[in-house]
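Here the structure comes first, spelled out in C-alpha coordinates, and everything after it is commentary.
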Amino acid sequence: MDLPSFVEIIGNTPLVGLPAVFELPDGVQIALKLEGRNPSGSVKARAARSIVQEAERAGRLKPGGTILDASSGNTGIAYAVIAGQRGYRLVLCLPKNASAQRQQLLKTLGTEIVHTSPLEGTDGAQAEAVTLADDHGDWVYLNQYDNDANWRAHYQTTGPEIWNQTQGTVTHFVATVGTSGTLTGTGRYLREQRKDVQIVEVQPDSPLHGLEGVKHMQTARVPGIYDPGVATDRRAMSTERSFRMVRCLAHHGLLLGPSGGAAVQAAVDVARDLTHGVVVAIVPDSGSRYLSEPHIWTPAEGEVPCRLAS
Ligand SMILES: Cc1ncc(COP(=O)(O)O)c(C=O)c1O
(Lines give C-alpha, C1' and ligand atoms only; values in the text may rest on other atoms or scores of the structure.)
Protein backbone atom coordinates (compact mmCIF):
# COMPACT_ATOMS: atom_id res chain seq x y z
CA MET A 1 0.00 0.00 0.00
CA ASP A 2 1.27 3.47 -0.85
CA LEU A 3 0.66 5.59 2.27
CA PRO A 4 1.68 9.25 2.75
CA SER A 5 4.13 10.19 5.49
CA PHE A 6 3.09 12.55 8.30
CA VAL A 7 5.04 15.35 6.56
CA GLU A 8 3.24 14.79 3.26
CA ILE A 9 -0.21 15.44 4.76
CA ILE A 10 0.67 19.01 5.83
CA GLY A 11 -1.85 21.50 4.42
CA ASN A 12 -5.38 21.02 3.09
CA THR A 13 -6.79 22.35 6.35
CA PRO A 14 -10.53 22.93 6.75
CA LEU A 15 -12.27 26.24 6.09
CA VAL A 16 -15.29 26.62 8.38
CA GLY A 17 -17.92 29.28 8.97
CA LEU A 18 -17.73 31.59 12.00
CA PRO A 19 -20.48 30.59 14.47
CA ALA A 20 -23.42 33.01 14.28
CA VAL A 21 -22.45 34.92 17.42
CA PHE A 22 -21.93 38.32 15.81
CA GLU A 23 -24.39 40.39 13.86
CA LEU A 24 -23.04 40.82 10.36
CA PRO A 25 -24.54 42.45 7.26
CA ASP A 26 -26.66 39.93 5.25
CA GLY A 27 -24.29 39.63 2.31
CA VAL A 28 -21.17 39.09 4.40
CA GLN A 29 -19.62 35.79 5.45
CA ILE A 30 -16.60 35.08 7.65
CA ALA A 31 -14.62 31.86 7.14
CA LEU A 32 -11.92 30.51 9.44
CA LYS A 33 -8.94 28.55 8.09
CA LEU A 34 -8.15 26.11 10.89
CA GLU A 35 -4.39 25.70 10.70
CA GLY A 36 -4.25 23.90 14.03
CA ARG A 37 -5.34 20.83 12.07
CA ASN A 38 -1.91 20.54 10.47
CA PRO A 39 0.60 17.88 11.58
CA SER A 40 2.52 19.59 14.45
CA GLY A 41 -0.64 21.56 15.25
CA SER A 42 -0.04 24.90 13.54
CA VAL A 43 0.28 26.90 10.35
CA LYS A 44 4.06 26.74 10.78
CA ALA A 45 4.13 23.16 9.49
CA ARG A 46 3.80 24.60 5.99
CA ALA A 47 6.76 26.97 6.29
CA ALA A 48 8.95 24.49 8.17
CA ARG A 49 8.45 21.79 5.53
CA SER A 50 9.18 24.19 2.71
CA ILE A 51 12.31 25.58 4.45
CA VAL A 52 13.70 22.10 5.23
CA GLN A 53 12.98 20.82 1.72
CA GLU A 54 14.66 23.87 0.19
CA ALA A 55 17.79 23.29 2.35
CA GLU A 56 17.82 19.64 1.26
CA ARG A 57 17.46 20.57 -2.41
CA ALA A 58 20.25 23.15 -2.15
CA GLY A 59 22.52 20.46 -0.64
CA ARG A 60 23.00 22.45 2.60
CA LEU A 61 21.17 19.86 4.70
CA LYS A 62 22.50 16.33 4.44
CA PRO A 63 21.25 13.07 6.05
CA GLY A 64 21.87 13.09 9.81
CA GLY A 65 22.59 16.85 9.79
CA THR A 66 21.81 19.40 12.51
CA ILE A 67 19.09 22.02 12.04
CA LEU A 68 19.31 25.34 13.94
CA ASP A 69 16.73 28.12 14.21
CA ALA A 70 14.94 30.52 16.56
CA SER A 71 11.25 30.20 17.28
CA SER A 72 8.62 31.30 19.77
CA GLY A 73 7.39 27.73 19.69
CA ASN A 74 5.21 26.73 16.75
CA THR A 75 7.95 26.70 14.10
CA GLY A 76 10.12 24.80 16.55
CA ILE A 77 7.44 22.18 17.07
CA ALA A 78 6.99 21.90 13.30
CA TYR A 79 10.76 21.53 12.77
CA ALA A 80 10.81 18.92 15.55
CA VAL A 81 8.16 16.82 13.82
CA ILE A 82 9.90 17.11 10.44
CA ALA A 83 13.38 16.54 11.92
CA GLY A 84 12.07 13.44 13.71
CA GLN A 85 10.54 12.10 10.53
CA ARG A 86 13.60 12.81 8.40
CA GLY A 87 16.34 11.91 10.90
CA TYR A 88 17.83 15.34 11.70
CA ARG A 89 19.04 16.75 15.03
CA LEU A 90 17.26 19.99 16.04
CA VAL A 91 18.77 22.81 18.12
CA LEU A 92 16.26 25.55 18.88
CA CYS A 93 16.76 29.00 20.45
CA LEU A 94 13.65 29.81 22.45
CA PRO A 95 12.75 32.70 24.80
CA LYS A 96 12.74 31.29 28.33
CA ASN A 97 9.17 32.44 28.96
CA ALA A 98 7.65 30.24 26.22
CA SER A 99 4.83 28.29 27.86
CA ALA A 100 5.70 25.22 29.93
CA GLN A 101 3.40 23.17 27.73
CA ARG A 102 5.32 24.15 24.57
CA GLN A 103 8.69 23.48 26.11
CA GLN A 104 7.50 20.08 27.31
CA LEU A 105 6.20 19.25 23.87
CA LEU A 106 9.51 20.25 22.24
CA LYS A 107 11.53 18.17 24.69
CA THR A 108 9.23 15.20 24.19
CA LEU A 109 9.86 15.45 20.46
CA GLY A 110 13.63 15.31 21.09
CA THR A 111 14.54 18.99 20.59
CA GLU A 112 17.66 20.52 22.18
CA ILE A 113 16.49 23.88 23.58
CA VAL A 114 18.80 26.88 24.07
CA HIS A 115 17.01 29.37 26.34
CA THR A 116 17.23 33.10 25.58
CA SER A 117 16.15 36.21 27.49
CA PRO A 118 12.39 36.50 28.03
CA LEU A 119 12.76 40.30 27.77
CA GLU A 120 14.12 40.13 24.23
CA GLY A 121 11.45 37.79 22.80
CA THR A 122 12.09 36.16 19.44
CA ASP A 123 14.57 38.92 18.50
CA GLY A 124 16.87 37.71 21.30
CA ALA A 125 16.39 34.08 20.21
CA GLN A 126 17.33 35.04 16.67
CA ALA A 127 20.50 36.82 17.82
CA GLU A 128 21.53 33.70 19.77
CA ALA A 129 20.91 31.50 16.71
CA VAL A 130 23.23 33.73 14.65
CA THR A 131 25.95 33.35 17.30
CA LEU A 132 25.52 29.56 17.42
CA ALA A 133 25.61 29.37 13.61
CA ASP A 134 28.95 31.22 13.66
CA ASP A 135 30.31 28.83 16.30
CA HIS A 136 29.11 25.65 14.57
CA GLY A 137 29.85 25.82 10.87
CA ASP A 138 28.33 22.37 10.22
CA TRP A 139 24.92 23.28 11.67
CA VAL A 140 22.34 24.46 9.14
CA TYR A 141 20.79 27.75 10.25
CA LEU A 142 17.39 27.88 8.57
CA ASN A 143 16.52 31.49 9.54
CA GLN A 144 12.75 31.43 9.00
CA TYR A 145 12.59 35.25 9.25
CA ASP A 146 14.68 35.88 6.15
CA ASN A 147 14.00 32.69 4.20
CA ASP A 148 11.95 32.97 0.98
CA ALA A 149 10.93 29.31 1.28
CA ASN A 150 8.76 30.49 4.21
CA TRP A 151 6.41 32.76 2.24
CA ARG A 152 6.60 30.51 -0.84
CA ALA A 153 5.01 27.67 1.21
CA HIS A 154 1.91 29.85 1.53
CA TYR A 155 2.03 31.04 -2.08
CA GLN A 156 2.05 27.38 -3.15
CA THR A 157 -0.42 25.89 -0.66
CA THR A 158 -2.42 28.24 1.64
CA GLY A 159 -3.31 30.68 -1.14
CA PRO A 160 -4.55 28.07 -3.65
CA GLU A 161 -6.47 26.22 -0.91
CA ILE A 162 -8.35 29.38 0.12
CA TRP A 163 -9.04 30.28 -3.50
CA ASN A 164 -10.45 26.80 -4.19
CA GLN A 165 -12.33 26.42 -0.89
CA THR A 166 -14.13 29.75 -1.46
CA GLN A 167 -14.58 28.95 -5.16
CA GLY A 168 -12.90 32.21 -6.00
CA THR A 169 -15.30 34.33 -3.93
CA VAL A 170 -12.82 35.50 -1.26
CA THR A 171 -12.82 39.32 -1.02
CA HIS A 172 -10.74 39.82 2.15
CA PHE A 173 -7.88 37.85 3.68
CA VAL A 174 -6.98 38.54 7.33
CA ALA A 175 -3.82 37.31 9.08
CA THR A 176 -1.54 38.26 11.94
CA VAL A 177 2.18 38.64 11.22
CA GLY A 178 5.11 36.99 12.95
CA THR A 179 7.67 36.20 10.27
CA SER A 180 4.93 37.46 7.90
CA GLY A 181 5.26 34.32 5.76
CA THR A 182 1.53 33.51 5.92
CA LEU A 183 0.35 37.02 4.98
CA THR A 184 3.03 37.58 2.32
CA GLY A 185 2.70 34.26 0.47
CA THR A 186 -1.07 33.92 0.69
CA GLY A 187 -1.59 37.61 -0.04
CA ARG A 188 0.61 37.52 -3.14
CA TYR A 189 -1.18 34.44 -4.50
CA LEU A 190 -4.68 35.81 -3.90
CA ARG A 191 -3.77 39.20 -5.42
CA GLU A 192 -2.69 37.39 -8.60
CA GLN A 193 -6.09 35.68 -8.82
CA ARG A 194 -8.13 38.76 -8.05
CA LYS A 195 -6.67 42.28 -8.23
CA ASP A 196 -9.16 43.86 -5.83
CA VAL A 197 -8.78 41.32 -3.00
CA GLN A 198 -8.12 43.12 0.29
CA ILE A 199 -5.23 41.87 2.43
CA VAL A 200 -5.63 42.79 6.09
CA GLU A 201 -2.51 42.67 8.26
CA VAL A 202 -3.09 42.38 12.02
CA GLN A 203 -0.45 43.42 14.53
CA PRO A 204 -0.56 43.76 18.31
CA ASP A 205 -1.43 47.29 19.42
CA SER A 206 1.64 47.53 21.69
CA PRO A 207 5.15 46.07 22.03
CA LEU A 208 4.20 44.22 25.23
CA HIS A 209 1.36 41.92 24.29
CA GLY A 210 0.00 38.42 24.79
CA LEU A 211 -0.30 37.35 21.15
CA GLU A 212 2.18 34.49 20.98
CA GLY A 213 4.00 34.26 17.65
CA VAL A 214 3.00 37.75 16.47
CA LYS A 215 5.24 40.82 16.10
CA HIS A 216 4.73 44.51 16.76
CA MET A 217 6.68 45.59 13.66
CA GLN A 218 7.36 49.20 14.73
CA THR A 219 9.42 48.02 17.68
CA ALA A 220 10.61 44.54 16.62
CA ARG A 221 13.36 43.48 14.25
CA VAL A 222 11.49 43.50 10.92
CA PRO A 223 11.80 40.10 9.16
CA GLY A 224 13.69 40.13 5.85
CA ILE A 225 10.71 38.56 4.07
CA TYR A 226 8.28 41.22 5.33
CA ASP A 227 6.88 43.20 2.39
CA PRO A 228 4.89 46.27 3.43
CA GLY A 229 3.39 46.40 -0.08
CA VAL A 230 1.30 43.24 0.38
CA ALA A 231 -1.29 44.51 2.89
CA THR A 232 -4.01 46.90 1.75
CA ASP A 233 -5.19 47.47 5.32
CA ARG A 234 -3.45 47.31 8.71
CA ARG A 235 -5.22 46.80 12.02
CA ALA A 236 -3.83 47.13 15.54
CA MET A 237 -5.46 44.60 17.87
CA SER A 238 -5.42 44.53 21.65
CA THR A 239 -4.59 41.42 23.63
CA GLU A 240 -7.82 41.90 25.62
CA ARG A 241 -10.10 41.82 22.56
CA SER A 242 -8.19 38.84 21.15
CA PHE A 243 -8.51 36.84 24.40
CA ARG A 244 -12.19 37.76 24.66
CA MET A 245 -12.79 36.39 21.16
CA VAL A 246 -10.91 33.21 22.08
CA ARG A 247 -13.13 32.73 25.15
CA CYS A 248 -16.26 33.48 23.16
CA LEU A 249 -15.53 30.94 20.44
CA ALA A 250 -14.42 28.31 22.98
CA HIS A 251 -17.99 28.41 24.29
CA HIS A 252 -19.18 27.67 20.78
CA GLY A 253 -16.97 24.64 20.29
CA LEU A 254 -13.98 26.26 18.55
CA LEU A 255 -10.66 26.35 20.41
CA LEU A 256 -8.44 29.09 18.95
CA GLY A 257 -5.03 30.32 20.04
CA PRO A 258 -4.61 34.05 20.86
CA SER A 259 -3.35 35.06 17.40
CA GLY A 260 -6.40 33.34 15.89
CA GLY A 261 -8.56 35.38 18.27
CA ALA A 262 -6.85 38.56 17.02
CA ALA A 263 -7.40 37.65 13.36
CA VAL A 264 -11.05 36.69 13.90
CA GLN A 265 -11.77 39.88 15.87
CA ALA A 266 -10.17 41.92 13.06
CA ALA A 267 -12.26 39.96 10.51
CA VAL A 268 -15.44 40.84 12.43
CA ASP A 269 -14.39 44.52 12.54
CA VAL A 270 -13.75 44.49 8.77
CA ALA A 271 -16.97 42.57 8.00
CA ARG A 272 -19.19 44.99 9.91
CA ASP A 273 -18.26 47.79 7.49
CA LEU A 274 -19.09 45.78 4.36
CA THR A 275 -22.33 45.20 2.47
CA HIS A 276 -21.13 42.03 0.79
CA GLY A 277 -18.01 39.90 0.87
CA VAL A 278 -16.27 36.73 1.97
CA VAL A 279 -13.71 37.43 4.70
CA VAL A 280 -11.21 34.63 5.37
CA ALA A 281 -9.25 34.73 8.64
CA ILE A 282 -6.24 32.54 9.43
CA VAL A 283 -6.39 30.70 12.75
CA PRO A 284 -2.71 29.73 13.19
CA ASP A 285 -3.16 27.20 15.99
CA SER A 286 -5.59 25.68 18.46
CA GLY A 287 -6.38 26.92 21.94
CA SER A 288 -5.51 23.46 23.25
CA ARG A 289 -1.86 24.57 22.98
CA TYR A 290 -2.53 27.29 25.62
CA LEU A 291 -4.56 25.48 28.26
CA SER A 292 -1.78 25.92 30.83
CA GLU A 293 -2.16 29.74 30.59
CA PRO A 294 -5.14 30.72 32.77
CA HIS A 295 -4.88 34.46 31.97
CA ILE A 296 -6.23 33.70 28.49
CA TRP A 297 -9.24 31.78 29.71
CA THR A 298 -10.27 33.82 32.77
CA PRO A 299 -13.19 36.16 31.89
CA ALA A 300 -12.65 39.89 32.45
CA GLU A 301 -14.59 41.41 35.32
CA GLY A 302 -18.24 41.78 34.33
CA GLU A 303 -17.72 39.92 31.01
CA VAL A 304 -21.01 38.74 29.58
CA PRO A 305 -20.75 35.31 27.89
CA CYS A 306 -21.39 35.61 24.14
CA ARG A 307 -24.39 33.74 22.78
CA LEU A 308 -25.46 32.43 19.41
CA ALA A 309 -27.96 34.70 17.68
CA SER A 310 -31.39 32.99 17.74
C1 LIG B 1 0.54 31.21 16.97
C2 LIG B 1 1.11 31.96 15.81
N3 LIG B 1 0.35 32.90 15.23
C4 LIG B 1 0.81 33.61 14.17
C5 LIG B 1 2.07 33.41 13.67
C6 LIG B 1 2.55 34.25 12.52
O7 LIG B 1 2.72 33.51 11.32
P8 LIG B 1 3.81 33.98 10.28
O9 LIG B 1 5.16 33.67 10.86
O10 LIG B 1 3.53 33.18 9.05
O11 LIG B 1 3.65 35.45 10.08
C12 LIG B 1 2.90 32.45 14.26
C13 LIG B 1 4.27 32.24 13.80
O14 LIG B 1 5.07 31.61 14.43
C15 LIG B 1 2.40 31.69 15.35
O16 LIG B 1 3.15 30.76 15.95
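The values are calculated or read from the model by the stated rules, or taken from the named source; none is laboratory data. None of these values were measured; they are calculated from a predicted model. Cβ atoms come from the backbone with ideal geometry, glycine included; neighbour counts cover every protein chain shown. SASA here: full protein model, heavy atoms, side chains in, ligands and nucleic acids out. Shrake-Rupley method; radii C 1.70, N 1.55, O 1.52, S 1.80 Å.
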> If the cut-off is a Cα-Cα distance under 16 Å, which lysines reach LYS62, setting aside same-chain residues fewer than 8 apart in sequence?
Replying inline: none
> Just going by the charge dipole of region 9-88, with Lys and Arg at +1 and Asp and Glu at -1 on Cβ, which of THR66, PRO14, ILE77 is farthest out on the positive end?
Replying inline: THR66
> Average projected area of the Cα convex hull of the chain, in nm²?
Replying inline: 16.7 nm²
> Check PHE173: other-chain or 5+ apart residues with amide H under 5 Å from its amide H, H built from backbone geometry?
Replying inline: GLN198, ILE199, VAL200, VAL280
> What Cys residues in the chain are without a partner cysteine, judged by a Cβ distance under 4.7 Å?
Replying inline: CYS93
>> How far apart, in nanometres, would the label points at ALA300 and THR169 be if each is projected 7 angstrom from Cα along the Cα-to-Cβ direction?
In response: 3.3 nm
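Shape of region 92-165 from its Cα gyration tensor (a ≥ b ≥ c, root eigenvalues): rounded if a/c is under 1.5, otherwise prolate when a/b > b/c, or oblate? Intermediate values should be presented prior to the final figure.
Details: a/c = 2.14, a/b = 1.53, b/c = 1.40.
In terms of gyration-tensor shape, prolate.
Report the percentage of all Cα-Cα pairs in region 44-141 whose separation exceeds 20 Å, rounded to a whole percent.
Details: 1461 of 4753 pairs.
Pairs farther apart than 20 Å: 31 percent.
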> Round to a whole number: what % of the accessible area of the chain belongs to carbon and sulfur, probe 1.4 Å?
Replying inline: 50 percent
>> Let me make sure I get this right: for region 1-89, a, b and c are the square roots of the gyration tensor eigenvalues over alpha carbons, sorted descending. Under 1.5 in a/c it's rounded, otherwise prolate if a/b > b/c, else oblate. Which is it?
In response: prolate
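Quick one: work out the % antiparallel among DSSP beta bridges in the chain, nearest 5.
Details: 5 of 39 bridges.
Here the antiparallel bridges make up roughly 15 percent for the chain.
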> Among 218-225, 3-10, what's the highest-first ranking by average C-beta atoms within 10 angstrom per residue?
Replying inline: 218-225, 3-10
>> If each DSSP helix of 4+ residues adds -39,500 (n - 2.57) and the sum is divided by the residues in the chain, what number results at 222 nm, nearest 500 deg cm²/dmol?
In response: -10500 deg cm²/dmol
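How large is the accessible surface per residue of the chain, computed with a 1.4 Å probe and reported in Å² as a whole number? The partial results should precede the final answer.
Values: 13580 Å² over 310 residues.
I get 44 Å² per residue for the chain.
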> Using a cut-off of 16 Å between alpha-carbon atoms, which lysines can reach LYS215, once sequence neighbours fewer than 8 places away in the same chain are excluded?
Replying inline: LYS44
>> Cross-link candidates for LYS96: which aspartates and glutamates have Cα within less than 12 Å, leaving aside residues fewer than 8 places away along the same chain?
In response: GLU120
> Put a dot 7 Å past each Cα toward the Cβ at SER288 and SER238; how far apart are the dots in nm?
Replying inline: 3.2 nm
> What whole number of Å gives the distance from the Cα centroid of region 241-307 to the Cα centroid of region 3-47?
Replying inline: 14 Å
